[in-house]
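> Before we start, here is the structure in question, set down as structure tokens.
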Amino acid sequence: WRTLWPFLIGALPFAFLGGSIKLPGEVYRPIMGVVLLFSAARMLWPRELKAQTAWRDPPIAGGIAWGAAIGLLAGLTGTGGGIFLSPLLLFMAWSAPKPASGVTALFILLNSASGLAGNFPSVGHLPAELPVYAVAVLLGGIAGTTLGIKLPTTWILRALGLVLLVASAKLFGVY
């Protein structure tokens with residue numbers, strides 16, 4: 001919780017704001033694609049991250065500021081923000097890799113709800129399939145948590161790198 005709360009204080013209002021802004025995809029996709037590609041390359045790079053051996057809690061003001069930036073980006077791009085928060089936590093050594101996964105999962109849930117609330121007036125209603133999506137998220141969370149506990153840290157970092165690479169490719173229109 002000590003790692004998460006400063007980010008949430010900054011992120012939640014800005015995710016709401018970002019969710020209410022319509023930004024053309026041709027503006028944000030290339031920028032976000034480059035950011036995610038950089039993050040993916042760093043995760044897949046064979047050098048050890050400082051977060052694997054020594055980490056500290058984020059500074060409160062820095063966490064709030066980064067949370068605001070991540071919240072706004074997440075709201076604008078329609079993501080939960082985890083693709084931005086995970087690499088930040090690890091690059092800045094503000095969390096060990098395994099706990100970062102749990103922190104990020106809760107952040108995504110709360111930040112997504114805030115972004116959706118900001119976007120709700122333009123959407124008008126929630127999809128009828130929402131219960132199915134909720135069950136899928138729950139099952140994915142259980143599977144991810146189980147794997148995160150059992151797999152070596154290096155595998156988790158490589159998996160995160162692959163997720164970031166796929167997200168970057170999607171933003172560049174590869175698929």
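> Could you name the lysines whose alpha carbon sits less than 20 Å from that of Lys150, not counting residues in the same chain fewer than 8 places away?
Output for Lys150: Lys98.
> Tally Lys/Arg at +1 and Asp/Glu at -1 over every other residue whose Cβ is under 14 Å from the Cβ of Tyr28; what's the total?
Value of the local net charge: +2.
> Once you've got the GNM for the chain with C-alpha springs shorter than 10 Å, pick whichever of Thr154, Thr79, Thr104 has the biggest mean-square fluctuation.
Thr154
> Next up: Give the accessible surface of region 1-137 per residue, rounded to a whole number of Å², with probe radius 1.4 Å and ligands, DNA and RNA excluded.
About 53 Å² of surface per residue is accessible.
> For the chain, modelled as a GNM with alpha-carbon contacts under 10 angstrom, which of Val34, Val135, Val103 fluctuates the most?
The residue that fluctuates most here is Val135.
> So how much slack lies between Arg47 and Arg158, counting 0.36 nm per residue of separation and subtracting their Cα-Cα distance, in nm?
Full-extension gain reported as 38.8 nm.
> Could I ask something else about it? Would you calculate a helix-derived [θ] at 222 nm for the chain, using -39,500 (n - 2.57) for each DSSP H run of n ≥ 4 and dividing by the full residue count, to the nearest 500?
-25500 deg cm²/dmol
> While we're here: Measuring from the lowest to the highest alpha carbon on each principal axis, how far does region 1-92 reach, largest first, in angstroms?
41, 28, 16
> While we're on this one: Which shape class, rounded, prolate or oblate, goes with region 135-175 when its Cα gyration tensor gives a ≥ b ≥ c as root eigenvalues, a/c under 1.5 marks rounded, and past that a/b bigger than b/c marks prolate?
It is oblate, given that a/c is not under 1.5 and a/b is not larger than b/c.
> Same structure, new question: Kindly write out, for region 54-68 in residue order, the coupling ³J(HN,Hα) from the Karplus curve 6.51 cos²θ - 1.76 cosθ + 1.60 (θ = phi - 60°), rounded to whole Hz, with x marking Gly and Pro.
With the stated coefficients, region 54-68 comes to 8, 9, 9, 5, x, x, 4, 4, x, x, 5, 5, 5, x, 4 Hz.
> Assuming 0.36 nm per residue, please report the length gained on full extension of the stretch Asp57 to Glu26 beyond their Cα-Cα distance.
Separation in residues times 0.36 nm, less the Cα-Cα distance, equals 7.6 nm.
> When we measure straight from the Cα of Lys22, which lysines land under 20 angstrom away, once same-chain ones fewer than 8 places off are left out?
Lys170
> Can I ask one more? Just the C-alpha atoms of the chain: what Rg/Rh do they give, with Rh taken as the Kirkwood radius?
On the Cα set of the chain, Rg over Rh gives 0.96.
> I need the phi-derived Karplus couplings for region 143-149: 6.51 cos²θ - 1.76 cosθ + 1.60, θ = phi - 60°, integer Hz, Gly and Pro marked x.
For region 143-149, the Karplus-derived couplings read 5, x, 5, 4, 5, x, 6 Hz, x marking Gly and Pro.
> I've got another one for you. Can you classify region 68-166 as rounded, prolate or oblate using the Cα gyration tensor, where a ≥ b ≥ c are the square roots of its eigenvalues, rounded means a/c under 1.5, and otherwise it's prolate if a/b beats b/c and oblate if not?
The shape class here is oblate.
> Tell me the relative contact order for the chain as a rounded percent, counting alpha carbon contacts under 8 Å between residues six or more apart.
Relative contact order comes out at 39 percent.
> Quick check: at a probe of 1.4 Å, how many percent of the accessible area of region 1-124 sits on carbon and sulfur atoms?
Whole-percent figure for carbon plus sulfur exposure: 73.
The values are calculated or read from the model by the stated rules, or taken from the named source; none is laboratory data. Predicted model only: the values in this text are computed from it and were never measured. All Cβ positions, glycine included, derive from the backbone under ideal geometry; neighbour counts span all protein chains shown. Please note that ligands, DNA and RNA were not included when accessible areas were found on the heavy atoms of the full protein model with its side chains. Shrake-Rupley method; radii C 1.70, N 1.55, O 1.52, S 1.80 Å.
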